[in-house]
Amino acid sequence: MSVLLETTEGNLVIDLFVDEQPLACYNFLKLCKLNYYFFTPFYDLHKDLIVTSGDPDYPESTDGNAINNFGDVSINEVSIKQNKYLPIPNTQHEYGDNGIGLVSFVTKKDIDGKKLVIGSQFTISLTADVANLKSFNQVYFGKVVEGFQVLEKINLSVVENMETRRLLKDIRITHTHNIYDPYVDPSFMDKKKSTELPSDTQIANMRIPELVSEAKLEDSSTYLALALELMNDLPHYQIKPSPRTLFIAKLNPITTSESLSIIFSRFGNVINCNVVEDRKTNKSLCYGFVEFEDKQQADRAYSKLKDGCIIDGRNVVIDFSQSVKNMKLQR
């Protein structure tokens, strides 16, 4: 089970430890599916040690909400009532000698001080020595398997000061994709509208000096466009994004861009199609993007295939892409 996080510095693919930490993985997957982490920055950077993310309103908020903040949830026949935090077992496992990329939720004690609970904040380790992380009370639920160059860029970032450890230049999560989610969605998922644009709080706190310096920030719409440019959803802040692209996941490794284009061309004119490959091995990463000539064609393909589509023997996942830049992604 994996999640793809797009960031302003590249992509991170995280494999989840669903057997060891099912509650934590459930929380992460459902928050990702709600697009809760949209435009969330990385912050509290401890060089060569750890970095935090997961609170969309940082620095005005440093907490965040678990998935059960939105309603009651049920996982593995365990029902959990609506609350800001999700209870989690205080169990730990060994994950080898190299700790770089280990992902953990930020934990705290519940109101009685007995159980650990989590919200949405999570950390990613930047050190190979797991022993150096013990003071952070980590409960790991996943590990980065692709995108170590992004972690390196985060680790080399300049921070504001040693007290806040806030990055002087933002690195933000722009979009999230669940490559595979084994858990049933809670009943409120289809009623909750996912975020598609940065909030006023996020725009007010973004740090993109090279973009701000070239624009006259006359109103909030210009700030919003600048935020979209930071996310690479816009080639330039004065250009509007396009809604014509579908995201396809869980592809068979033998599926090619050409065959994918042929399959989707029955719904309209496919003007761009790309199965993303590993840059080093040229092997398929089993997800890709299909761009149509117009939005109506993309809508038609999605409505026909969203409930089930088998390509090369694989039942694939189809959703709307949240970023037109995906068409050009290569690792």
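Some notes on this structure:
- Failed criterion for N326 (all others in (1) assigned to a loop (DSSP other than H, G, I, E, B); (2) modelled with pLDDT under 85; (3) in contact with a strand residue (DSSP E or B) (Cβ under 7 Å, 6 or more places away or on another chain) hold): (1)
- Test: residue in region 125-141 that is among the hydroxyl-bearing types (S, T, Y) and surrounded by 21 or more Cβ atoms within 10 Å (Cβ to Cβ): yes
- Residues that are in a loop (DSSP other than H, G, I, E, B) and open to solvent by 90 Å² or more (accessible area, probe 1.4 Å), drawn from region 275-304: R279, K280, N282, K283, E293
Here is a yes/no grid of residues against (1) open to solvent by 50 Å² or more (accessible area, probe 1.4 Å); (2) part of a helix (DSSP H, G or I); (3) over 16 Å from V3 (Cα atoms); (4) not assigned by the TED database to the domain that holds L49:
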| position | (1), (2), (3), (4) |
| --- | --- |
| Q149 | yes, yes, yes, no |
| H177 | no, no, no, no |
| Y180 | yes, no, no, no |
| Y183 | no, no, no, no |
| F188 | no, no, yes, no |
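The values are calculated or read from the model by the stated rules, or taken from the named source; none is laboratory data. For clarity, every value in this text was computed on a predicted model and none was experimentally measured. FYI the Cβ positions are ideal-geometry reconstructions off the backbone, even for glycines, and counts take in every protein chain you see. In case anyone asks, the SASA skips ligands and DNA or RNA and just uses the protein heavy atoms, side chains included. Shrake-Rupley method; radii C 1.70, N 1.55, O 1.52, S 1.80 Å.
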